[in-house]
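Beneath this line is the structure, given in structure tokens, with notes to follow.
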Amino acid sequence: MGSRFNQRDQKRKVNKIYNIAITIVSILIVIVAVSIFLSDDGTESKKATTEPKQVAETEKGKVVDKPSGKEEETDSEKEDAVGDNEATEEDAEKEDSKATEEDAEEKAEDDADPEKAGDAELVEVEGSGDGNVAATYTSEGWKPVGTEQSGEHTTSFEKGSVDWNEMSKAIASGAGIDEGNMKLWWLQNGGSPTTAIGTVSEGDNPKTFRVYIEWVDGSGWKPVKVEELKTNDKR
């Protein structure tokens, strides 16, 4: 009987040792697992914070970083901005060119329009009843064209004379035509020694004008009336 108790006692001791050993091993396993977990978490955090970066700018001694590849993106944006600026300048040049062309066309139309011819503002008035007259104009802005003649004036219809040239200048002023591009189809007496009538057109333009002028002593010939003709009756 005593040996049985001894055997039981020994078994209890052995079982107790086993239990203690198992407990110690379990605790070690837990400690190792926790250590591995914490180690892995620290590695991921360190990896995230050590991602490749490039210096973007330095301001007041402080270095500001940005992820790599940002510089290339910025260069691309700069190229796009330059391209946009060049396109804008090209569009502006086209607009300026277009505006210049439109101004030139408008000026040409104004020059051909008797109501806008020259510097004088023309006013349409009632005509004489001539069936060949499309419209009749006068203007308070017409002034004598000046003269080189002195003394008593005598009207001269001799082509190339001083008086002829001054009459031609006054007729061009009334018609709003450049004298160098004016065709003088007819020049005649206006019914008195101090009046004259000229029929003119501009270059190849078929529009024809009959211009009435009068002499102003000391100042030269002055336009007083312009008739726009339906057809050139002096061709």
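Below, the figures for the structure above:
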item: Inter-probe distance in nm under a simple model that places probes 7 Å from Cα toward Cβ, at S26 and N165; result: 13.2 nm
item: Sites D178 and Q149, calculated FRET efficiency, Cβ-Cβ separation with R0 25 Å, nearest 0.05; result: 0.60
item: Nitroxide proxy distance, nm - points 7 Å out along Cα→Cβ at T88 and V224; result: 6.1 nm
item: Estimated inter-spin distance, N19 and E124, nm [label 7 Å along Cα→Cβ]; result: 12.7 nm
item: 11 Å beta-carbon shell around K234, net charge (K/R +1, D/E -1); result: +2
item: Solvent exposure ordering (accessible area, 1.4 Å, most first) of K13, K207; result: K13, K207
item: FRET efficiency estimate (nearest 0.05) - Cβ-Cβ, R12 to V34, R0 35 angstrom; result: 0.60
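The values are calculated or read from the model by the stated rules, or taken from the named source; none is laboratory data. Source: prediction; values computed, not measured. We place every Cβ from the backbone using ideal geometry, glycine too, and count neighbours over all the protein chains shown. The accessibility values were calculated without ligands, DNA or RNA, using every heavy atom of the protein model including side chains. Shrake-Rupley method; radii C 1.70, N 1.55, O 1.52, S 1.80 Å.
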